[in-house]
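Engineer: Dumping the structure here so I can ask a few things about it.
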Amino acid sequence: QAEDGIRDVERSRGLGDVYKRQDEDLLAHRERKAGYIHALSENSIKVNTENIIYIDYLDREIENKLERALTLLKGCTAIFAYIDTIALQCMKVLRKIGLRVPDGISIIGVDNLWIGDYMDPSLTSIKQPLEEICQKSIDLIVDFMYKEDKEKEFGDKVIYCNLELIEKESVISI
C-alpha cells in the first residue's frame, strides 16, 4: 500500500517522496509531484511509485505512520517532502530510527519556513516567491472584475512563478 510503501530501489539510488493524498486534486500538488517524477526521469533514476508515501500533516498518528514507512527506506538516498512541516517530521522520525540526515539520507522540503533554519541540520527547501504569487493573484482578480467574457479570458488560466532552491545542511552530494 502506498501509504506504508517505501521499498528498496535498484542501485541503492532512490528517492522517497511524501505527499498528502487528499491534496492530489490541487493543481500545485499535482504539478509538484509531476516535477518530482520528471526530475527523477531526467536524471535516469527509475520512478518507483512504491516510494511515494501519502501522509496528512494534520493526522494525529503522523509520527507512527512515518516511522513505519521510513523504516523501509533502506537503499534510498533522499526524501522530497511536499511541505517543510512534513520534512521536519521526517527528520525527527529518521533520527529516532537511526538514520542520520544528511549522512544517511538527504531531505528537502517546500516552503522555506523559518523553523527549518533552527533544525540540526538546517533544512534545504524550495522557496516560493510569495510576494510575486500574491501580486499576480491580485492582478488576476482585478482583471477578472473588469472582463466581460470571464470564461474565455480566465477559464483554465495557470500562472507559473520561478522557484528558488535554498541549499542548507540537510542534503549532500552522492
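Engineer: Picking from Gly75, Gly104, Gly109, which residue would you name as being open to solvent by less than 70 Å² (accessible area, probe 1.4 Å), more than 22 Å from Lys168 (Cβ to Cβ) and outside any helix (DSSP H, G or I)?
Structural biologist: Gly75
Engineer: Could you list, in sequence order, all residues of the range 34-56 that are within 19 Å of Gly75 (Cβ to Cβ) and of a type in the set (D, E, K, R)?
Structural biologist: Answer for the range 34-56, where residues must be within 19 Å of Gly75 (Cβ to Cβ) and of a type in the set (D, E, K, R): Lys46, Glu50.
Engineer: All but one of (1) in contact (Cβ under 8 Å) with a residue 40 or more places away in the chain; (2) assigned to a loop (DSSP other than H, G, I, E, B); (3) not basic (Lys, Arg) hold for Ile53, so report the exception by its number.
Structural biologist: Status for Ile53: all satisfied but (2).
Engineer: Hey, among the residues in the range 112-153 that are in a loop (DSSP other than H, G, I, E, B) and open to solvent by 70 Å² or more (accessible area, probe 1.4 Å), which one's farthest from His29 (Cα to Cα)?
Structural biologist: Selected residue: Glu148.
Engineer: Out of Ile115, Ile97, report the one residue that is under 20 Å from the mean Cα position of the chain (by Cα) and hydrophobic (A, V, I, L, M, F, W, C).
Structural biologist: The match here is Ile115.
Engineer: Criterion first (closer than 26 Å to Ala34 by Cβ and assigned to a loop (DSSP other than H, G, I, E, B)) does Cys90 satisfy it?
Structural biologist: When the stated conditions are applied, Cys90 does not pass them.
Residues checked against (1) touching a Gly at 6+ places or on another chain (Cβ under 8 Å); (2) not basic (Lys, Arg):
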| residue | (1), (2) |
| --- | --- |
| Val47 | no, yes |
| Tyr57 | no, yes |
| Glu63 | no, yes |
| Ala78 | yes, yes |
| Ile83 | yes, yes |
| Met91 | no, yes |
| Lys96 | no, no |
| Leu99 | no, yes |
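Engineer: Regarding the range 54-63, can at least one residue be identified that is in contact with a Cys (Cβ under 8 Å, 6 or more places away or on another chain) and modelled with pLDDT of 70 or more?
Structural biologist: No, because not a single residue in the range 54-63 is in contact with a Cys (Cβ under 8 Å, 6 or more places away or on another chain) and modelled with pLDDT of 70 or more.
The values are calculated or read from the model by the stated rules, or taken from the named source; none is laboratory data. All values reported here derive from a predicted model rather than from experimental measurement. Every residue, glycine as well, gets a Cβ built from its backbone with ideal geometry; the counts of neighbours run over all protein chains shown. All accessible areas refer to the heavy atoms of the entire protein, side chains included, with ligands and DNA or RNA removed. Shrake-Rupley method; radii C 1.70, N 1.55, O 1.52, S 1.80 Å.
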